[in-house]
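First the structure, in the form of structure tokens, and then the observations on it.
The values are calculated or read from the model by the stated rules, or taken from the named source; none is laboratory data. None of the values given here were measured: they were computed from a predicted structure. We place every Cβ from the backbone using ideal geometry, glycine too, and count neighbours over all the protein chains shown. Surface areas here come from the heavy atoms of the whole protein model, side chains and all, with no ligands, DNA or RNA. Shrake-Rupley method; radii C 1.70, N 1.55, O 1.52, S 1.80 Å.
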Amino acid sequence: MKMTSLDRTLLLLTGFLAAYQIAIGIDQMDSVSITAYTIAFGVILVAGLLLIILGFEVLDAPIVVIISTIIPLALSLGLVWQHLASYRTVYLIFTIVSFLAVILTRSIVMQNKLPVIVIAITHGIAGMTIFLLPIILSAQGQVMPLFSLVGVGGALIGLAGLLLSFLKTGKPILSRDTIMRLFPMLLLLTTALFVAGFKFG
């Protein structure tokens with residue numbers, strides 16, 4: 001599917017937002033949270049630039065499944081590390097083990113459903129963490145109400161990650177053309193919600 005000028009514009013705006021978040025939006029945090037958020041938004045920035053330069057064909061690369069896993073894992077780790085101190089070690093272990101499991105199951109040809117199960121569990125837990133934690137913290141008054149926008153962005157990034165992952169595993173939820181048409185707008189909206197939530201929350 002050919003990328004349109006609108007698609008490139010949306011991806012360029014996504015890159016600007018991600019770059020802003022890396023440069024300005026994640027100060028006054030501890031080093032682990034900053035590192036996790038920087039990785040997540042860095043991947044978004046690089047992914048947007050690669051799509052602009054190489055087109056949608058870059059999404060056909062086998063490494064896309066792994067890359068699409070880094071974003072929710074890094075973001076959720078940053079949130080847990082920042083707001084749930086008692087779960088830091090447990091979630092860090094989950095992040096490392098999940099990422100290694102995704103790499104392993106995507107590197108070895110398997111005829112069973114294990115790769116799909118690993119992807120679903122990883123994106124499911126990370127996505128629900130990004131979705132629920134900001135909303136719960138906002139409802140409890142621990143952060144400003146607009147921080148819940150991070151949760152909305154988490155729902156969208158989880159959806160985008162699952163769409164790409166299942167597309168790559170040969171069990172697409174939607175057709176490839178539909179995913180390609182939605183992806184630039186979905187990525188921009190997700191990034192905008194993250195940036196707004198971190199800035200005003």
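Values as computed for the structure displayed
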read-out: Considering residues of region 18-31 that are assigned to a helix (DSSP H, G or I) and open to solvent by less than 50 Å² (accessible area, probe 1.4 Å) only, the residue modelled with the lowest pLDDT; value: 25
read-out: Residue ranges of helices (runs of 4 or more DSSP H) in region 111-201 with at least 1 members at pLDDT 90 or above, in contact with a Pro (Cβ under 8 Å, 6 or more places away or on another chain) and under 20 Å from residue 16 (Cβ atoms); value: 148-168, 176-200
read-out: Condition check for residue 66: open to solvent by less than 40 Å² (accessible area, probe 1.4 Å), assigned to a helix (DSSP H, G or I) and within 25 Å of residue 197 (Cα to Cα); value: no
read-out: Those residues of region 29-72 which are farther than 28 Å from residue 4 by Cβ and touching a helix residue (DSSP H, G or I) at 6+ places or on another chain (Cβ under 9 Å), in sequence order; value: 29, 30, 32, 33, 34, 35, 36, 37, 38, 39
read-out: Of all residues in region 42-86 being in contact with a Lys or Arg (Cβ under 7 Å, 6 or more places away or on another chain) and either polar (S, T, N, Q) or under 16 Å from residue 180 (Cα atoms) (or both), the one that is modelled with the highest pLDDT; value: 52
read-out: Selection from region 48-62 of residues that are over 16 Å from the mean Cα position of the chain (by Cα) and of a type in the set (Gly, Ala, Ser); value: 55, 61
read-out: Scope region 118-131; condition more than 13 Å from residue 77 (Cα to Cα) and open to solvent by 70 Å² or more (accessible area, probe 1.4 Å); matching residues; value: 121
